[in-house]
Amino acid sequence: MAVALQAPAQNTQDAKMNTFVSNLMKRMTLEEKIGQLNLLTPGGGVATGAVVSKDVESKIRSGSVGGLFGVIGVDKIRQAQELAMNQSRLKIPLLFGSDIIHGYKTTFPIPLGLSCSWDIPLIERSARVAAKEATADGLVWAFSPMVDIARDPRWGRVAEGAGEDPYLGSEVAKAMVRGYQGRNLAADSTLLACVKHFALYGAAEGGRDYNTVDMSRLRMFEYYLPPYKAAINAGVASVMSSFNEIDGVPATGNKWLLTDLLRKQWGFKGFVVTDYTSINEMIDHGSGDLQAVSAQSLVAGVDMDMVGEGFLTTLKKSLSEGKITQKHIDDACRRILEAKYKLGLFDDPYRYTVPARATKEVLSADKRAAAREIAVRSTVLLKNNNQALPLKKSGTIALVGPLANNKSNMLGTWAVSGDPQLSIPVLEGMQKALGNSATILYAKGANITDDTAFAKKVNVFGVRADVDSLSPDALINQAVQVANRADVVVAVVGEASEMSGEAASRSDINIPQSQRNLLEALYKTGKPVVLVIMSGRPLTLERESEMATSILHVWFQGHEAGNAIADVLFGAYNPSGKLTMSFPRNVGQIPIYYNYKRTGRPQPAGPTQKFRSNYLDVSNDPLYPFGYGLSYTTFSYGNIQLSKNQMRAAEKITATVTVTNTGNYDGEEVVQLYIYDQVASVTQPVKKLKGFQKVMIPKGQSKQVSFTIGAEELKFYNSALQWVAEPGDFKVYIGTSSDNVKEASFKLVR
Ligand code: BGC
């Protein structure tokens, strides 16, 4: 009944929108229609390509601009909107977009860290808070979520995504879209989300950014496409095409991708924007000149051209030469106008530019509080010998490392609107937590890197890695001296924020040598060493994991980093994060992921065997697997109880485990469900995540956790790319990590 009542209302709204847009389009010239397809950046923000738009004001006046990005602040946005409203012929409001990736001005943990919370309501809330803050400052469009699955930590942009798993990635994608867009785009605190980078951008060969991608359709559909599709199903308003090619055709000019799959198969109704100059870059891919690649992209299904102005400068000619049709232009223009209509911009173009709202919302105290809460939950405890953590609030603590008293690196990559100077350094967070109850002795101990040429490359957006006036040896000596006077050493080490992110691939994913030298010296002191590691990607930590007493992986936590890290170090919060990307032992193991195929010669448990799939010099397993993360307490899992051992496709099985908190602290556990299809027409990976629940269990207590397994959880893409469940034997795994599970079996029967 509710549905029946709702549908006509939706239809009436759509009909109203269609009439409005049609009437407007009747008044538009060809040039004005093409103008709507043009997204510019006036500079001043962070440019990620070589080009920054010129003559933006005169283009706005002539109706040659559909939207802008890189304009920050409510006053500037209002001015630009006034230009469009007062000086362009048709007074069509502009869209204002930005890379709101992990928070807007108030900065949250990088997305990879956020995903390690496995806390879907929390992730949704992070997007909600960001939308509230950004819309108050004039923005209506977030270039997020980035949902590119990645199995290669050399790729710097793993920092922006949710890791390696399609199921978790899909849950995160949906949560982000819900958070940004809410239920109603016309509300003044919601904005358009943009799922990116469509598609397969995370599979760049060798982990080198912008590199070629090539993969089978099976791999695409099973592992790489699900998060984009989940975002579409959640109603995402826009899609950004990626820089890479797919099946030999650049994504931006790929009709199969942008029309056949996205619109026809998946039913996407919003608009497609290119990535930064990705139409122009098709020239370098080898797809033709600017006119040819612009026409190809429009016909493929692109609606808006980011920065490159290929549409603006060539589409008219292509139309006159019959290379594109009027309908191609009209369809694209309509989609852009529809987005503006849905945001309510035609009712009131200034509804998002109310200075009083900006003053109230931007960087407000409640947003900082949310940032702290979100940050603690993204922390992953990798090791904790002898329960060295949480630290006691007494005695003497040596705090060392180049990231221990640092503001410039706390935000992580892609915090284009975040001011690093508003960050809380770890030293400050710890001092506040301790008051006078313990003594902190601080020493920097090392530069982030001693390699000045390398440092220069990561200092493009401001100094992130400086080189101290003291020599590396002198820095280490200072640190050793404070360590010798302390009961415990906390070393805050890792990457500079711009060592990950766009165009920040690394072939060596160790902690830089300067800091490894510091750590060796600290270990020699014989004091317990607690590592707090910041990075935008999984690192190779074999040596560190041998020597450290405890390891907290904190990613980049945003403005509240120092407070959040202190909360976890001293036990105000018991860590509950779990890895969403495998940590390899060395780069030779890459690509590495938990949902691998068995092969015909699987390496059995135990020592490596000749003529089995393995390496001579390293084991197959990662150092820390997907789903792994410790707590200050311990959890034990009972056996899996299945409601039955056999099911038909229309039926469901319930799998239940009892999880007991056997340690000394209350704690949250992420209970993970995996499925293995033992025999299938297409070989199946050893495990696929199909469910998870984050539960709080007080110490000494138990909780029953149940999962429902239906045919949907058993499906895979067969050779005809149909999504099917085949009868046969299945294994169910439930546990604390992808490599630590209980198991049970059942059959799917006809
Ligand atoms: C990135 C996108 C980003 C765009 C706009 C590009 O270089 O790949 O993720 O949204 O720039 O800043």
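The values are calculated or read from the model by the stated rules, or taken from the named source; none is laboratory data. Note that this is a predicted model, so its numbers are computed, not measured. Neighbour counts run over all protein chains shown; Cβ positions are idealised from the backbone, glycine included. For accessibility, only protein heavy atoms count, side chains too; no ligands or nucleic acids. Shrake-Rupley method; radii C 1.70, N 1.55, O 1.52, S 1.80 Å.
Just to be sure before I move on: is GLY562 at positive phi and of a type outside the set (Phe, Trp, Tyr) in the structure I sent? So that I can check it myself, show each step before the final result.
Values: at positive phi: no; of a type outside the set (Phe, Trp, Tyr): yes.
Criteria not met by GLY562.
Just to be sure before I move on: is LEU185 within 22 Å of GLY138 (Cα to Cα) and either small (Gly, Ala, Ser) or away from the ligand (no atom under 16 Å from the Cβ) (or both) in the structure I sent? Here the answer is yes, as LEU185 does meet what is asked. Pairs only if they're at least six apart or on different chains, beta carbon under 6 angstrom, first in segment 143-163 and over 15 Å from ALA503 (Cα atoms) and among the hydroxyl-bearing types (Ser, Thr, Tyr), second assigned to a loop (DSSP other than H, G, I, E, B) and within 15 Å of the ligand (Cβ to nearest atom); list them, first residue then second. Listed by first residue and then by second, the contacts come to SER144/ILE100; SER144/ILE101. Listed by position, the strands (runs of 3 or more DSSP E) contained in segment 624-693 that have at least 2 residues being under 31 Å from the mean Cα position of the chain (by Cα) and of a type outside the set (Ser, Thr, Tyr) are 653-661, 667-677. Out of SER505, SER545, one residue alone is within 16 Å of the ligand (Cβ to nearest atom), of a type outside the set (A, V, I, L, M), outside any strand (DSSP E or B) and at negative phi. It is SER505.
State all residues of segment 308-342 that are assigned to a loop (DSSP other than H, G, I, E, B) and farther than 11 Å from LEU298 by Cα; if no residue qualifies, say none.
Narrowing segment 308-342 to residues assigned to a loop (DSSP other than H, G, I, E, B): 308-309, 321-325.
Matches in segment 308-342: GLY308, GLU309, GLU321, GLY322.
Cβ-Cβ distances below 7 Å connect the following pairs, each with a first residue in segment 472-489 that is touching a residue at least 24 places away in the same chain (Cβ under 8 Å), a second residue that is among the β-branched types (Val, Ile, Thr) and assigned to a loop (DSSP other than H, G, I, E, B), and a separation of six or more residues or different chains: VAL480/THR525; ALA483/THR525; ASN484/THR525. Could you tell me whether any residue of segment 524-535 is within 21 Å of GLY418 (Cα to Cα), assigned to a loop (DSSP other than H, G, I, E, B) and touching a residue at least 60 places away in the same chain (Cβ under 8 Å)? No, the conditions are met nowhere in segment 524-535. The lone criterion from (1) within 16 Å of the ligand (Cβ to nearest atom); (2) farther than 22 Å from PHE69 by Cβ left unmet by ASP330 is number (1). Determine if segment 156-166 includes at least one residue that is acidic (Asp, Glu) and open to solvent by 10 Å² or more (accessible area, probe 1.4 Å). Checked segment 156-166: no residue is acidic (Asp, Glu) and open to solvent by 10 Å² or more (accessible area, probe 1.4 Å). Taking each residue of segment 95-119 that is farther than 20 Å from LEU40 by Cα and looking for partners that are within 13 Å of the ligand (Cβ to nearest atom) and in a strand (DSSP E or B) with beta-carbon atoms closer than 7 Å, six or more apart or interchain, yields PRO111/MET146. One residue stands out in segment 547-562 among those that are open to solvent by 10 Å² or more (accessible area, probe 1.4 Å) and touching a residue at least 40 places away in the same chain (Cβ under 8 Å): the one that is nearest to GLU160 (Cα to Cα), namely GLU560. When residues of segment 445-454 are filtered for being of a type outside the set (S, T, N, Q) and surrounded by 21 or more Cβ atoms within 10 Å (Cβ to Cβ), how many remain? Residues meeting the conditions: 3.
Could you check how many residues of segment 136-184 are among the small types (Gly, Ala, Ser) and in contact with a Cys (Cβ under 7 Å, 6 or more places away or on another chain)? Spell out the reasoning first.
Narrowing segment 136-184 to residues among the small types (Gly, Ala, Ser): 136, 138, 142, 144, 150, 156, 159, 161-163, 169-170, 173, 175, 179, 182.
Remaining after also requiring in contact with a Cys (Cβ under 7 Å, 6 or more places away or on another chain): 142, 144.
Total meeting the criteria: 2.
Restricting the search to segment 232-289, which residues are among the hydrophobic types (A, V, I, L, M, F, W, C), touching a Leu at 6+ places or on another chain (Cβ under 7 Å) and farther than 17 Å from ALA203 by Cα?
We begin by selecting, within segment 232-289, every residue among the hydrophobic types (A, V, I, L, M, F, W, C); these are 232, 234, 236-237, 239-240, 243, 246, 249, 251, 256-258, 261-262, 266, 268, 271-273, 279, 282-283.
Subsequent filtering for residues that are touching a Leu at 6+ places or on another chain (Cβ under 7 Å) retains 237, 239, 246, 251, 268, 272-273, 283.
Result: ALA237, VAL239, PHE268, VAL272, VAL273, ILE283.
Going by the structure shown, is GLY429 in contact (Cβ under 8 Å) with a residue 40 or more places away in the chain, within 15 Å of VAL554 (Cβ to Cβ) and within 16 Å of the ligand (Cβ to nearest atom)? No, not satisfied. Among the residues of segment 17-57, those identified as at pLDDT below 95 and small (Gly, Ala, Ser) are GLY43, GLY44, GLY45, ALA47, GLY49, ALA50, SER53. The lone criterion from (1) out of contact with any strand residue (DSSP E or B) (no Cβ under 6 Å at 6 or more places or on another chain); (2) within 14 Å of the ligand (Cβ to nearest atom) left unmet by GLY169 is number (2). Among the residues of segment 231-253, the ones that are open to solvent by less than 10 Å² (accessible area, probe 1.4 Å) and either assigned to a loop (DSSP other than H, G, I, E, B) or in contact (Cβ under 8 Å) with a residue 60 or more places away in the chain (or both) come to 7 in all. Out of the residues in segment 124-145 that are within 15 Å of the ligand (Cβ to nearest atom) and closer than 20 Å to ARG377 by Cα, state the one that is surrounded by the fewest Cβ atoms within 10 Å (Cβ to Cβ). Across segment 124-145, the extreme among qualifying residues is ALA130.
Here segment 72-110 is the region considered, the condition is being assigned to a loop (DSSP other than H, G, I, E, B) and open to solvent by 20 Å² or more (accessible area, probe 1.4 Å), and the residue that is farthest from the ligand (Cβ to nearest atom) is ARG89. Every condition in (1) surrounded by 24 or more Cβ atoms within 10 Å (Cβ to Cβ); (2) in a loop (DSSP other than H, G, I, E, B); (3) not charged (D, E, K, R) is met by ALA173 except one, and the failing one is (2).
Considering VAL458, VAL489, the condition of being farther than 30 Å from ASP621 by Cβ, crowded, with 21+ Cβ neighbours inside 10 Å and β-branched (Val, Ile, Thr) is satisfied by VAL458 alone.
Scanning segment 698-733 for residues that are part of a strand (DSSP E or B), open to solvent by less than 40 Å² (accessible area, probe 1.4 Å) and out of contact with any Asp or Glu (no Cβ under 8 Å at 6 or more places or on another chain) gives VAL705, PHE707, ILE709, VAL724.
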